[in-house]
Structures are given as structure tokens and as C-alpha cells.
Amino acid sequence: MKLLCHISFFLLIIALSFQAYSQQNSICGELKGPHFGPFDYLERVQLRDKLEIVEAYHFSQDVEKLKGNVPSVAADLSYTLHAWPNHHRALASLAKLAIREKAVNLPGLKYNVECYFDRAFRWRSNDSIVRSIYGSYLSKVGRANNAIEQLEIAVRLKSDNATAHYNLGLLYFDKANYDKAQFHAESAYALDFPLPGLRNKLIRAGKWKK
């Protein structure tokens, strides 16, 4: 009887997970469709010709720097992220645009901002940089606990992600978890992260151990 209960519970979890995945797909769209791509940004060197096509027409320097009207910039970012769901620089620009406009639903986007990160995760779940960008975005919009969760995933995926270590250190410092702040500070600076802010915070608080 206990075995049967365990099996039933396991099957229920699978069913609920599949339902949640299906619902997220319906909200944020399928990755493959009648459009150029999708391509993996982690393989951009091998796929340079395909990347150049998209960046030449939809991810110019002006778009990356968010110059121009919001609908036009957002539409170009949307196209770029449909073709390259885990395009790091485009995701970073999209996050900056959302923060600047204080909105996740922007004219020119097919989906809300959160969806583009969801699509990137579904496309390449092992991309540490995407997790790092999302964690930074969450931190800047006041969702510290969610940010920590994403940044912890980022450093588990890639232990030499200096930016993720640094941002984790800042978040743990703000929570007065100085041991973890110190650990991630040491990790970031061992990887030659250039900004001294985290170390200075720990020094001023009397928590820097080196």
C-alpha cells in the first residue's frame, strides 16, 4: 500500500510539472516556429554568419544602448531573442529597458520581459550567463531572494562566473550574511573582478577577513 501511495504521488508530481510546463509554453510561446532560428548563443563562434545577419539588422549599437523609441527598440530586441533566445547582450539590454521604463509589458515585445528569460532557460538551461543576467535584473527590481536563487544556480553551472559571485556577495552583505558575502567576494576577486565595492563594504563593516 505504501509503495502504491509513493508511485501515485510520483505520478501526480510528474503530471503537475508537465501541466506547469505546458502552461508556461502557452504564455511564453514555443521556441521553434516560422522564424529565423533558434540558435544557441553559446555556439556563436561556430554560427557567426547567422549571428551577423540578426545583429546587422536588429541588434545595432543603438538598439543595444536603447537609443530610439521604445516600441522600435523593443521590437528589435524581441526579434533578436526569437532568433537567439539566450543572446546575452540582448537579454541584458532588455533587462535595462524594463528597469528604465519600470514595466515588464512593453510595446514592441511579443511577450513580457520575464518570458524572454523563461525562453532562454528552456532553450539552454545550462547557460550560466543568462542566470547571472536575470539575477542582476531581479536584484535591481527589489526581488533579492529570487535574485539569490538565480545567482546561486549561475555559480553552480559555472564556478568561474565572477559577476555572479560579486552580485551574490552584495546580496548576502545586504542580508547581513557576512560569511557568504566574504566567500563570494573572495571568489570574485580571485577571478580578477575589477570593482572594489563589495570588498570596501566588508572592510567598513569590519567583516573583511583578508
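With the checklist (1) over 23 Å from Asp40 (Cβ atoms); (2) buried (at least 16 other Cβ atoms within 10 Å of the Cβ); (3) without any contact (Cβ under 8 Å) to a residue 24 or more places away in the chain in hand, flag the one item Leu97 doesn't pass.
(3) is the only condition that Leu97 fails.
Could you please find all residues in region 117-135 being surrounded by 20 or more Cβ atoms within 10 Å (Cβ to Cβ), in contact (Cβ under 8 Å) with a residue 40 or more places away in the chain and not basic (Lys, Arg)?
Trp123, Asp127, Ile129, Val130, Ile133, Tyr134
Output the residues belonging to region 67-94 that are aliphatic (A, V, I, L, M), surrounded by fewer than 20 Cβ atoms within 10 Å (Cβ to Cβ) and closer than 23 Å to Phe39 by Cα. Talk me through it step by step, then tell me what you get.
Start the filter on region 67-94 by keeping residues that are aliphatic (A, V, I, L, M), which leaves 70, 73-75, 77, 81, 83, 90-92, 94.
From what is left, the residues that are surrounded by fewer than 20 Cβ atoms within 10 Å (Cβ to Cβ) are 70, 75, 92.
Hits for region 67-94 are Ala75, Ala92.
Mind listing just one residue for me: the one in region 49-66 that is among the acidic types (Asp, Glu) and surrounded by 16 or more Cβ atoms within 10 Å (Cβ to Cβ) and, of those, nearest to the chain's Cα centre (by Cα)? Break it down into steps so the answer makes sense when it comes.
Taking region 49-66 and keeping what is among the acidic types (Asp, Glu), we get 49, 52, 55, 62, 64.
In the following step, the residues that additionally are surrounded by 16 or more Cβ atoms within 10 Å (Cβ to Cβ) were identified as 55, 64.
On the way: Glu55: 20, Glu64: 16 Å.
Looking at the filtered set, the residue picked out is Glu64.
Just give me the residues in region 136-170 being β-branched (Val, Ile, Thr) and without any contact (Cβ under 8 Å) to a residue 40 or more places away in the chain, in sequence order. Steps first, answer last, please.
Filtering region 136-170 down to residues β-branched (Val, Ile, Thr) leaves 141, 148, 153, 155, 163.
Selection gives Ile148, Ile153, Val155, Thr163.
When you go through (1) of a type outside the set (Val, Ile, Thr); (2) over 8 Å from the mean Cα position of the chain (by Cα); (3) surrounded by 22 or more Cβ atoms within 10 Å (Cβ to Cβ); (4) under 23 Å from Ser78 (Cα atoms) one by one for Leu151, which number turns out not to apply?
In the conditions (1) of a type outside the set (Val, Ile, Thr); (2) over 8 Å from the mean Cα position of the chain (by Cα); (3) surrounded by 22 or more Cβ atoms within 10 Å (Cβ to Cβ); (4) under 23 Å from Ser78 (Cα atoms), Leu151 misses (4) alone.
Would you check if there is a residue in region 68-82 being part of a loop (DSSP other than H, G, I, E, B), touching a helix residue (DSSP H, G or I) at 6+ places or on another chain (Cβ under 7 Å), within 27 Å of Ala154 (Cα to Cα) and not small (Gly, Ala, Ser)?
No, region 68-82 has no match at all.
Just so you know, all these numbers are worked out from the coordinates, no wet-lab data involved. Please read all numbers here as calculations on a predicted model, not as lab measurements. Please note: Cβ atoms are built from the backbone with ideal geometry, for glycine as well, and neighbour counts cover all protein chains shown.
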